[in-house]
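Note sheet for the following structure.
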Amino acid sequence: MNQKTELADLSISVIIPVMNDWDNLKKVLSELNEQILKPVEIIIADSSFDDKIENSCSKLSINVPIKYLRVGKAFWIDRFLIKYFKFFLKDKNVKGRAYPYEATNRGAEVAKGDWLAFLDSTTNPPKNWLSTYSKLLIQKDLDLVIGKTKYYASTKFQHLLRACTYGSFGHETMPGSIIKTRIYLNNYLIREGVRAGGDVEWRQRVKSKFRWETVDNIFLVYSNLPTRFYHAIKKMFIYQLHSARVDIQHKVKDIYLGIFLFLTVLIIPKWNSIVGWESSPFFIPNITKIYLLSMTTLFFLTLLIGRGIFRDLKLNKFLLNSMRFSYLILLFIVVYNWNASIADWVEDSVWFIPHITKIFIFSLISIALIYRGIFFPLTHGIEKDYLFPINWLPAGILGVLLDIVKAPGYLIGAFLSIFIRKLD
């Protein structure tokens, strides 16, 4: 069978989860209608609070059959109410919104194609998306092709956000990916119960088991970056909250070790004052120095594992971040107490450093701004002409603020995962 016939015989079902976003969905459907290789069907898995998308799809005239699937009906804090206060609801069988991953799985279960292709309502495919990926599947006898997405920016804020987060390169994403239907439905569905982070875990899972590849230049375009600071920090917080649950749910012991590290950082430097100094049998000479040396050794071991000769040995993300954050706290404690403990407040001492705490904090902020505003953008494809002379600074500030927001989101999600053994 020649390649042209094989391509014609390739049956692909495209699945699009959506909620209250008809304007963007309409553009995606139009682009799918222009594909060189047409899918056998487009499955719309809808969780909207009204019937606008259902009614609009039924009136839309395109050359590809649309299969509409109602997977939920959103209302205010629906999942929370259904889980904890269902007895207040008049309709006990009511369904709230389905998260995008859940909607994708429901669509896969009713698909008739031999292959599944994934999109969302804000990811726009070029017209050669399916044809190019399908040729790759056939030529290399692959089980799946991983999608690649570029992030589009139009407003000033979006350009700053893209510079300090995604860059201008394409990123591997589940939207744009194509996989054999029988593989996906055979215990390789994307993880449910979370709004974000599941696509990373899914890609790692399928890439470790099956023949896969991605392409260099066929980028899908994500066109819905936040346009305001509040929306950006809200999205980042929620993403970290849910991705932490994906990372942690089977590694509770790592959470406990991370908590232990935090507690040791807070307690050990004050240990001797807590137990009563030399008069106590629990007094430990030079405990802070010993602990600092131990933490420094641990910190550099994590760098060796993550970046050095042991980079193939993967530490859990929460545990690795716990080590780094604990070391940063300990370093701050040492700096804060430097002049009192080392120089004994003798200003003529060679060890006395005026304004050491202010210098330390200013140095941390400066390094963070340079990394987020210059180093990261330049290494992720952002042009020098855009960054200099001015834009690197607001991009750096935005990146640092987003990092500050991400930290509590990830920590809260990680701690919650101790108590949530089964994802909602």
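Read the figures in this text as sums done on the coordinates, not as results from a lab. Since this is a predicted model, take the numbers as computed values, not measurements. Note that each Cβ is placed from the backbone with ideal geometry, even for glycine, and that neighbours are counted across all protein chains shown.
List of remarks:
- Amide proton proximity set for Lys67, modelled H, under 5 Å, gap of 5+: Ile42, Ile43, Ile44
- Other residues with beta-carbon under 14 Å from the beta-carbon of Ile146 carry, at +1 per Lys or Arg and -1 per Asp or Glu, a net charge of +2.
- Counted residue by residue at 0.36 nm each, then reduced by the alpha carbon distance between them, the extension gain from Ser56 to Ile329 reaches 92.8 nm.
- When you count the other C-beta atoms within 10 angstrom of each residue and take the mean per peptide, 273-280, 372-379 line up highest first as 372-379, 273-280.
- The local environment of Lys127, defined by Cβ-Cβ distances under 9 Å, has a net charge of -2 under the rule Lys, Arg +1 and Asp, Glu -1.
- Extension gain for the segment Asp348 to Thr264, taken as residue separation times 0.36 nm less the Cα-Cα distance, is 26.9 nm to one decimal.
- Applying 1/(1 + (r/R0)^6) with r as the Cβ-Cβ distance of His355 and Phe388 and R0 = 35 angstrom yields a FRET efficiency of 0.70.
- In this structure the amide hydrogen of Ser177, modeled in the peptide plane, comes within under 5 Å of the amide hydrogens of Phe118, Gly147, none closer than 5 places in sequence on its chain.
- Potential lengthening of the chain between Tyr230 and Glu201 amounts to 7.7 nm, from the contour at 0.36 nm per residue minus the alpha-carbon distance.
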